[in-house]
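To keep things clear, I will list the structure first and then write my remarks on it.
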Amino acid sequence: MAKNMNLKLKVWRQKNKEDKGRFQIYDATNVSPDMSFLEMIDVVNEELIKKGEDPIAIDHDCREGICGSCGVYINGRPHGPLREITTCQLYMRHFHDGQTIVIEPWRAAAFPVIKDLIVDRSAFDRIIAAGGFISVNTGGAPDANAIPITKDDQEWSLDAAECIGCGACVAACKNASAMLFVSAKASHLVRLPQGKIERERRALAMVAQMEKEGFGSCTNTEACSAECPKGISMDAIAQLRREYFKANFKVRK
Amino acid sequence: MGWFIKFIDSSLGKKLVMALTGLFLALFLLEHLGGNLLLLINDGGEAFTTFSEVMASPYNIIIRVIEYGLFILMFYHAVNGVRLWFLNKRSRGQAYESYNPSANSTLFSRTMILSGSIIFIFLVIHLRTFFFPYRLGDAPGSMYEGVIEAFSDPVYSGFYLLALVLLAFHLIHGVQSAFQTLGLNHNKYTPFIKGFGIVFAVVICAGFASIPIYFLFRSMSGGM
Amino acid sequence: MKLESKVPAGGLSQKWTNHKFNLKLVNPANKRKYDVIVVGTGLAGASAAASLAELGYNVKIFCFQDSPRRAHSIAAQGGINASKNYPNDGDSTYRLFYDTIKGGDYRSREANVYRLAEVSNNIIDQCVAQGVPFAREYGGLLDNRSFGGAQVSRTFYARGETGQQLLLGAYSALMRQVGLKQVQMFTRREMLDVVLIDGKARGIVVRNLINGDVESYAADAVLLCTGGYGNVFYLSTNAKGSNGTAVWRAYKKGAFFGNPCFTQIHPTCIPVSGSYQSKLTLMSESLRNDGRIWVPKNPGDKRAPGQIPEEERDYFLERKYPSFGNLVPRDVASRNAKEMVDADKGVGSTGVAVYLDFNDAIKRLGRDKIEEKYGNLFEMYELITAEDPYHVPMRIYPASHYTMGGLWVDYNLMTTVPGLFALGECNFSDHGANRLGASALMQGLADGYFVIPYTLGGYLAEMKKEKVSTDHPAFKECEENIKQNVRKLLSVKGKRTVDDFHRELGNIMWNFVGMSRSENGLKTAVEKIRTLREEFWNDVYIPGSNEELNQSLEKAGRVADFLELGELMAEDALQRRESCGGHFREESQTEENEAKRDDENFAFVAAWEYKGQNVKPELHKEQLVFENVQPSQRSYK
């Protein structure tokens, strides 16, 4: 069994939106390699509380890699040093004794820091509200088998639909672009026959909202896809571009 | 028309403009290289001079139009690129303390503004050496003689080579990125496009580089 | 107060149809005059809010997370049941109804369960129309699989992410209404009280988790869709934020709590690795189709699994249940694992786990086949434990997973407080004493998409229309109580952290109110919980203030409620001196140590009424009438 470790944490602390914030160093002692990263933070926080200090605020919920709540920048990378996982799925065995870990919130103008490592990602919700849906009301749906969908299309759609909305793409991108997030939703829907009906409206509305929120534009560095915990492919972004270009020329106003 | 301007000035539109102008510029590079390689023929510059005279002829209307287009697009490509860079920088806000981008992206893709800027400076110098004096001005002698003179200067040739390496960097990302920007991404073909982009960049870079190297060595070995 | 289930008259298959016709309607032009509050944005909440907004009601929806898409429905892996009978294998509404009633060990209401089976097909249609990419066959039609030991293939799925896909479907429908301004979304708000005016639910009071503001919202009806309370065990497969606070505060305002002791323990979770453990991860129980569960025969055998020879292994499920073997129901598998661990036969460094071994299956089917079937689960296991299950047997142990109990509701999903409804996991209905696999998603969406749009209309059409404002003294009183409670929590300034108390409560619950319960154990639990609660209010330390984002304070409020809810669970388990479904009373077992139900004395829903702080709650009984199915004893021998 691997030995427990002592680590140094350099953590961003910021009281609230208005506070300027700064880094603070903490010791994480006797860290078991079988702890998850968030459990390590739990333990540090318990110690801080006992010392009468303010614990580190961090968003987290399901702790199994699907809710998309957790997400911090660890040693220069979103969700830490491994690929295709979220912060909660990162285990301390991937660090070594004596290491310093720099922990920062997502940095993007569109994701203002609320406290410490917690940022406001409501911009994502507003983008979905602008067009990330199929306009069907409850009731009236035809039989689920009325429109056959090829297995390929279904799988391809699901590849994009797996996005958990964590924001790692924005955090990783040097432009803080949200293209992977937006295109994942647009691609998920347009790859299905049900989603093709309002494809133009959707592409235009989602992109317009994305720009309004202040995200940067995509310059194809592919950092987003490389850091995406669900491995969403760049083909989603290409698809959104096609959708958007066609929509601009096709819609009547 | 309002919708069109809005479209090409949207974040996706701006990038589309970068891709289209970029691809056009890449095509021009190919044409330019073809002409320049004539310099390597050991005919005292005859073939090259003929070629440049045809290209420079005021009666060659198509080429004249393309030439104006080229200048406009080159300028647009540069200005648009700088604008994008500024806007994107603003989107980040506060910078990261610890930043390890090499883990998720290539150096080429992240440094387009840098490689582009140096290429732009190079272009200005390049035009001042060749295009303005020989095409617009009344420089004595032929362009062929101008080339020999310019490249016999090791400093000038060295800068030229540096710019070409950066041009290759710019193209390695630029070519494949242009296809992605046009929405052309496919599991099967994208690896080929990426490979093609690298080969294209290397060929362009090596092709152009061969000329200063050739003339530099020629001048150093004293031959004419 | 008498419990009225309001189950409509008529034959089982006609009840819902008749009821829909008999319910009064709200005129389309009048719907916009009604305000509805929905708390929680999981499958039930999002689907209800979207559907009601589509009808024209003004909806306000609240969640404690930063986005409605984070609700824990998102973590469901397996699938969603529906009686489409696409595979032509004999499924029907009646069969789904029958399986659900039987699976719930005859502790649910026939009419509710039948309605659930009846609308199950509409759910699939609705989800497909919304763009949920369910698995398909090459011919383009939907694929089904058999799940959790069902005899028919009725489970629709999207890889191992069905919950995520269904939630994103409901979320997109919800966000569409947000975009249309028919729904107002309030994130990072925690509901802390229901406001009653003239005996009716007329609003809620929430705490803004960013700045600590206490905010009031008024409405004509309040829908709680706040999920289960499995986190009372501290370690569970629930999300860290999942909590029982909303239902508990509703209970204290007069909503009866139904069958609080009915909880489901899932057998195939990744075991605890140390004291820092914060949650447990579930692995699909499909693993039991090919994995063999065993422990060493000799207590205290600490050898590595590979060094324990075949004859010194005890494949206890295969031994005890020759016909079902490793595929016995969740509760049986869980209880047996605990028995082994209690007998010092547990494995791994903590000794609190049993092996799930794929060695034979790999030999029989080849590694490729196993990888194709379970590859992602094996990867997940290795990611967490750093052990390769292709070579070393998995270690598994049961964990709290789902709570069948919840607020008591009538056929209209209304609690005993008029105007206060409960949907999804937070109500007690439909699953009885045990929930079948792939039925939770079905229930959440059935309630939200296809039940509440009708039954809420019926309530609103009959209620006297009177606008209330948040200036009403009832709101002010609730606000004051909440502020006082927060001040009280912050002023204790003791020595122990909130998590510390929560862990201790979890231990008590797991040991005495977990998989196996006894009279003595339960009494001990009640005592211990009371002591712990007292200690909590004297010794908890919460850093920081109210006027900021304070995660310790959020947790403290929830744990304070769990410390009361836990006691009610124990009380309920005490009074139910029978074994049924997930509730196993050691005093009530057959000679072969199987759960023994007592239909004569316990065929009822236990509905608890709050009587005041530290006063014993009053038990009401809703007798369960079985007109269509005949309760029978389970046997898995």
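The values are calculated or read from the model by the stated rules, or taken from the named source; none is laboratory data. Source: prediction; values computed, not measured. Cβ sites come from the backbone with ideal geometry, for glycine too, and all protein chains shown count toward neighbours. Calculation scope for accessible area: heavy atoms of the full protein, side chains included, ligands and nucleic acids excluded. Shrake-Rupley method; radii C 1.70, N 1.55, O 1.52, S 1.80 Å.
Total buried accessible area between C and A, probe 1.4 Å, nearest 100: 6100 Å².
For the range B:7-49, a reduction of at least 10 Å² in accessible area between the chain on its own and the assembled protein chains (probe 1.4 Å) is found at B:Phe7, B:Ser10, B:Ser11, B:Leu12, B:Lys15, B:Leu16. The listed residues B:Trp3, B:Trp85, C:Trp408, C:Trp510, once ranked by accessible area (1.4 Å probe) with the largest placed first, stand as B:Trp3, B:Trp85, C:Trp510, C:Trp408. Pairs exceeding 28 Å between alpha-carbon atoms, taken from A:Lys196/A:Lys230; C:Lys240/C:Lys476; C:Lys20/C:Lys252; A:Lys253/B:Lys14; A:Lys174/B:Lys6: C:Lys240/C:Lys476; C:Lys20/C:Lys252. Residues considered: B:Ile193, B:Ile121, B:Ile148. Largest GNM mean-square fluctuation over chain B, using C-alpha springs under 10 Å, is found at B:Ile121. Only Cα sites of the range A:5-114 enter the Debye sum here, all with the same form factor; the resulting log10 I(q)/I(0) across q = 0.22 1/Å is -1.41, listed in q order. For the range C:484-521, the set of trypsin sites (Lys or Arg not before Pro) satisfying both a DSSP loop assignment and a count of at most 13 other C-beta atoms within 10 Å is given as C:Lys493, C:Lys495. Using only the Cα atoms of the range A:171-247, build the gyration tensor, take square roots of its eigenvalues as a ≥ b ≥ c, and label the shape rounded, prolate or oblate: rounded if a/c is under 1.5, else prolate if a/b is larger than b/c, else oblate. Taking the square roots of the gyration eigenvalues as a ≥ b ≥ c, the range A:171-247 is oblate. Projecting the Cα atoms of C:Leu55, C:Val36, C:Thr17 onto the charge dipole of the range C:14-56, computed from C-beta unit charges around the Cα centre, puts C:Thr17 farthest toward the positive end. For the residue pairs C:Lys320/C:Lys345; A:Lys10/A:Lys115; C:Lys596/C:Lys621; C:Lys297/C:Lys523; C:Lys33/C:Lys464, the alpha carbons lie more than 24 Å apart in C:Lys297/C:Lys523.
In this structure, the amide hydrogen of A:Met5, modeled 1.01 Å from its nitrogen in the peptide plane, lies closer than 5 angstrom to those of A:Asn30, A:Val31, A:Ser32, counting only residues at least 5 positions away or on a different chain. Distant-in-sequence amide contacts of C:Lys60, defined by a placed amide H-H separation under 5 Å and a gap of 5 or more residues or a different chain, comprise C:Val36, C:Ile37, C:Val38, C:Gln184.
Assuming charge only on the beta carbon of Lys and Arg (+1) and of Asp and Glu (-1), the dipole of chain A about its Cα centre is about 1020 debye to the nearest 20. Taking every protein chain into account, the 1.4 Å probe leaves A:Tyr26 with about 20 Å² of accessible area, to the nearest ten. Here the extension length gained between C:Thr17 and C:Ser632 equals 218.5 nm, from 0.36 nm per residue of separation less the Cα-Cα distance. Between the chain alone and the structure with every protein chain in place, find the residues of the range A:27-51 that drop at least 10 Å² of accessible area; heavy atoms, 1.4 Å probe. Flagged in the range A:27-51: A:Ser32, A:Asp34, A:Met35, A:Glu39, A:Asp42, A:Val43, A:Glu46, A:Ile49, A:Lys50.
With viscosity set to 1.002 mPa s at 20 °C, what whole-number translational diffusion coefficient in µm²/s follows for the range C:473-623 from Stokes-Einstein and a Kirkwood radius over Cα pairs?
Estimated via Stokes-Einstein, D reaches 124 µm²/s.
Placing +1 on the Cβ of every Lys and Arg and -1 on the Cβ of every Asp and Glu, with nothing else charged, gives the range C:265-400 a dipole about its Cα centre of roughly 260 debye.
In terms of Cα atoms, the Rg and Dmax of chain A work out to 20.5, 67 Å. Of the heavy-atom accessible surface of chain C (probe 1.4 angstrom), what whole percent is carbon and sulfur? Its accessible area is 47 percent carbon and sulfur atoms. Beta-bridge orientation, the range A:5-114: approximately 75 percent antiparallel, per DSSP, counting only bridges with both partners inside. Over chain C, the Kirkwood radius and the radius of gyration, each from Cα atoms, give a ratio Rg/Rh of 0.95. The interface between chain B and chain A buries about 3500 Å² of solvent-accessible area in total (1.4 Å probe, ligands and nucleic acids excluded). Inter-label distance, C:Asp344 to A:Lys8: 4.7 nm, where each label sits 7 Å from its Cα along the C-beta direction.
Restricting the count to DSSP beta bridges whose residues both fall in chain A, what percent are antiparallel, rounded to a multiple of 5? Percentage antiparallel, nearest 5: 75. The accessible surface of the range A:122-250, taken with every protein chain in place and a 1.4 Å probe, is 55 percent carbon and sulfur. The distance between label points at C:Gln575 and C:Asn289 comes to 4.2 nm (points 7 Å beyond Cα on the Cα→Cβ vector). Report summary: the helix-based calculation at 222 nm, which adds -39500 (n - 2.57) for every DSSP H run with n ≥ 4 and divides by the residues of chain C, gives -11000 deg cm²/dmol. Among C:Phe64, C:Ala343, C:Ala219, whose Cα projects farthest towards the positive end of the dipole of chain C, with charges put on the beta-carbon of Lys, Arg (+1) and Asp, Glu (-1)? In chain C, that residue is C:Ala219.
Here the protein assembly as shown is assigned +1 on the Cβ of each Lys and Arg and -1 on the Cβ of each Asp and Glu. Its dipole about the Cα centre then comes out at about 2140 debye.
Taken one residue at a time, the phi angles of the range C:100-114 give Karplus couplings (6.51, -1.76, 1.60, θ = phi - 60°) of 5, 5, 5, x, x, 6, 6, 10, 10, 7, 3, 5, 5, 5, 5 Hz. Gly and Pro are set to x.
Solvent-accessible surface of chain C, taken per residue with a 1.4 Å probe and all protein chains present: 35 Å². Take every pair of alpha-carbon atoms less than 8 Å apart whose residues are at least six positions apart; their mean separation over the length of the range A:5-114 yields a relative contact order of 34 percent. Looking at chain A, the accessible area is 34 square angstrom per residue; that uses a 1.4 Å probe and ignores ligands, DNA and RNA. Of the options A:Cys88, A:Ala2, A:Thr29, report the single residue whose Cα projects farthest towards the positive end of the charge dipole of chain A (beta-carbon charges: Lys, Arg +1; Asp, Glu -1). Checking the options against the dipole of chain A, the answer is A:Cys88. In order along the range C:317-328, phi translates into HN-Hα couplings of 6, 5, 5, 7, 10, x, 7, 9, x, 6, 9, 4 Hz, rounded to whole numbers, per the Karplus curve 6.51 cos²θ - 1.76 cosθ + 1.60 with θ = phi - 60° and x for Gly and Pro. A simple rule links phi to the HN-Hα coupling: the Karplus curve 6.51 cos²θ - 1.76 cosθ + 1.60 with θ = phi - 60°, which for the range A:69-78 gives 5, 6, x, 9, 8, 10, 6, x, 9, x Hz, with x for Gly and Pro.
For the range A:5-114, with all protein chains present and a 1.4 Å probe, just round the carbon and sulfur fraction of the accessible area to a whole percent.
46
Values of log10 I(q)/I(0) for the range C:277-378 across q = 0.14 Å⁻¹ run -0.57, by the Debye formula with one identical scatterer at each alpha carbon and no solvent. Using the Kirkwood radius over Cα pairs, work out the Stokes-Einstein diffusion coefficient for the protein assembly as shown at 37 °C and 0.692 mPa s, in µm²/s as a whole number. Estimated via Stokes-Einstein, D reaches 103 µm²/s.
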